[in-house]
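S.K.: Below is one structure. I have some questions about it.
Since every read-out is calculated from the coordinates, none of them should be taken as a lab result. Predicted, not measured: the structure shown is a model, and the values here were computed from it. Every residue, glycine as well, gets a Cβ built from its backbone with ideal geometry; the counts of neighbours run over all protein chains shown.
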Amino acid sequence: MPSGTVSLPRRLTAPAPGWTTSADVVVVGSGIAGLTCALRLRERVDRVLLVTKTVLSAGSTEWAQGGIAAALHPEDTPDEHLQDTLVAGVGLCDVDAVRALVTEGPDRVRELVALGAEFDRDAGGEITLTREGGHHRDRIAHAGGDATGAEISRALIAALHRVVDDPGIEVVEHAIVVDLLTAADGAVCGVTLHVIGEGQVDGVGAAYGRAVVLATGGLGQIYTSTTNPPVATGDGMAAALRAGARVTDLEFVQFHPTVLYLGEGSTGQQPLISEALRGEGAHLVDDTGARFMSGRHELGDLAPRDVVARAILDVMRGSGAEHVWLDARHLGRAFLEARFPSIVTRCRELGFDPVAELLPVAPAQHYASGGVETDLMGRSSVDGLYACGECSCTGVHGANRLASNSLLEGLVFAHRIADDVTARIAAGELPLREPAPGPGEAAVLDAAHRLELQRAMTRGAGPVRSAQSTNEALECLAGLAARAPSRAEPGPRTWETTNLLHLGQALTLVAHLREETRGGHVRSDYPERDDTRWLTHLTVRRAEGGALGVTERPVGSSPASPTTCRE
Ligand code: SIN
């Protein structure tokens, strides 16, 4: 056990709310999960409030290249998709959650098409399906070649614009959620949020709701380099953690194997080179030009993502190189420009031509497989709080998300949440509640510490971890936390930085405790998977006094229900 207790404040330092609003449901986030949930709820409840940190299209969905996985081909089956998902998840998936994903997924994708999303089609008009790592079939639908997320985002935002004048839905952009409001019985009853106001509200306010749905995306900015956009600072996950929700599987961070390597000092969002390139025949080579994936896995270059990332790290460690190479030259100019227009353009802007040369690639943070623990209906352990998309842990990803399952998860579980919230409101189970008096202890970390925090996380709890590295990271983060009750000016940058700190502490704690290597969690001091000891989920939860406790839940057991989770 690392020395010292990790404690979190109940909330971020912020001015008292200067305005209030209310809705039946407050949906936070505007990626595929948030937009789907808000659109479906709007047809069913009286009033939905959708808030998003910057503009509707700024989240990770917009950046998704590869596509959306679903058993759409007549010869494919949900069961085969289930098997591939379970294998990728290395023993930690929740089978019922995966079954919901793969059986409901195809219909949800067809509904997306009916809504206006235009997927790439073959000459016969059928959706073209391709392959990515860990899939034994061509099952990835894509749009604009390699701009699938952008097309889905466009279609959902267009659908929202068609109803935005409807009094049943309000959209507030430039609204960062600060914290969750809880009632005397512990149930979530709204959020505090800061609006960079151009409209009727400005500054910090409170939005009350019978239910709050977090769809706030990932935490990629916790590391020095990531494929995630700048908004991915884990705001919803951190707010849920501070409010006492169970946050599970945080140690399973997916490092995408092929991110364009731009040099040692490159920080922030880095260019993703989609796995779909390998799906179309590109392959990895080392400095000598040798292919190194053959012989390591039956699927070779298309092995599950964690396997490929680990192999690349092995090769880099062996040669001392900062990256390996991706060879797509043999696919030819015409094919590459037509099938991967965004990637080819971006590479060329940065001085690399995939048609003519090898691309330098290295793993970088890509996806948080864990998050706010939910049951099959998206309910968290705190009554009134739901989570979907990357900020959630529904159990479908286990220790390593299967390629292109994330957009599908956002669709399927957002849909389930909308149905559950609707039914519970109709049954009178989600009353509007008053927030409890006494908002609790607050802290905020100066944004000037962000890079130090990211470096500590990358060194200590990055692609390869050890007892020593996680201890060092925990010490560094504790030092930063000790500075947090300072007089730093509250505001979006400091709140984001503090969210990264709180999630960093929780993530490193469980990365320290899990003494094995599995999926996205690689320990140099425990290089083997250990099914005897570690077929279990680690859950972090903030206790009343602030201390972070870690509990274990065996694989196959149900997530705690709201009434039983308050240990
Ligand atoms: C990719 O296109 O390689 C990423 C797809 C995903 O993250 O599922």
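S.K.: Per residue and in Å³, how big is the convex hull formed by the alpha-carbon atoms of the range 1-144?
M.R.: 199
S.K.: If you add up the charges near M316, with Lys and Arg at +1 and Asp and Glu at -1, over every other residue whose beta carbon is less than 15 angstrom from its beta carbon, what do you get?
M.R.: Charge balance in the 15 Å sphere: -2.
S.K.: Let me ask something additional. T5 to E298: extension gain in nm, 0.36 nm per residue of separation minus the Cα-Cα distance?
M.R.: Full extension of this stretch gives 101.1 nm more.
S.K.: Label A467 and D79 with points 7 Å out from Cα along Cα→Cβ: what is the distance between them in nm?
M.R.: If labels sit at A467 and D79, their model points lie 4.6 nm apart.
S.K.: Turning to a different aspect of this structure: Restricting to DSSP loop positions (anything but H, G, I, E, B) with no more than 14 other Cβ atoms inside 10 Å of their own Cβ, which GluC sites (Glu not before Pro) remain in the range 311-375?
M.R.: E322, E357
S.K.: Now for a different question. Tabulate in residue order the Karplus-calculated ³J(HN,Hα) for the range 455-465, using 6.51 cos²θ - 1.76 cosθ + 1.60 with θ = phi - 60°, rounded to whole Hz; enter x for Gly and Pro.
M.R.: With coefficients 6.51, -1.76 and 1.60, one gets 5, 5, 5, 5, 5, x, 9, x, x, 10, 10 Hz.
S.K.: How would you rank 24-32, 519-527, highest first, on the average number of other Cβ atoms within 10 Å across their residues?
M.R.: 24-32, 519-527
S.K.: So how do 57-69, 537-549 stack up, highest first, on mean other-Cβ count within 10 Å?
M.R.: The packing order, highest mean first, is 57-69, 537-549.
S.K.: Using only alpha-carbon positions, what ratio does the radius of gyration of the chain give when scaled by 2.2 N^0.38 Å?
M.R.: Against the compact-globule rule of thumb, the ratio is 0.90.
S.K.: Just to confirm a number: summing +1 for Lys and Arg and -1 for Asp and Glu over residues other than E496 whose beta-carbon lies under 11 angstrom from that of E496, what do you get?
M.R.: Summing Lys and Arg as +1 and Asp and Glu as -1 gives +2.
S.K.: Through the Karplus equation 6.51 cos²θ - 1.76 cosθ + 1.60, θ set to phi - 60°, convert the phi angles of the range 203-208 into ³J(HN,Hα) values in whole Hz; use x for Gly and Pro.
M.R.: For the range 203-208, the Karplus-derived couplings read x, 7, x, 10, 10, 8 Hz, x marking Gly and Pro.
S.K.: What is the Cα convex hull volume of the range 320-373 when expressed per residue in Å³?
M.R.: 133
S.K.: For D120, what charge total do you get from the other residues with a beta carbon under 11 Å from its beta carbon, if Lys and Arg give +1 and Asp and Glu give -1?
M.R.: -3
S.K.: Rank by packing, highest mean first: peptides 326-333, 116-123, 297-304, with packing defined as the count of other Cβ atoms within 10 Å averaged across residues.
M.R.: Result, highest mean first: 297-304, 326-333, 116-123.
S.K.: Do me a favour and compute the ellipsoid semi-axes for the range 230-340 from its Cα gyration tensor, root of five times each eigenvalue, largest one first, whole Å.
M.R.: Those come to 31, 18, 15 Å.
S.K.: Something else: With an 8 Å cut-off on Cα pairs and a minimum separation of 6 or more residues, tell me the relative contact order of the range 183-281 in percent.
M.R.: Reported as a whole number, the value is 20 percent.
S.K.: How large is the Kirkwood hydrodynamic radius of the range 341-432, in angstrom, based on all distinct alpha carbon pairs?
M.R.: It works out to 15.9 Å.
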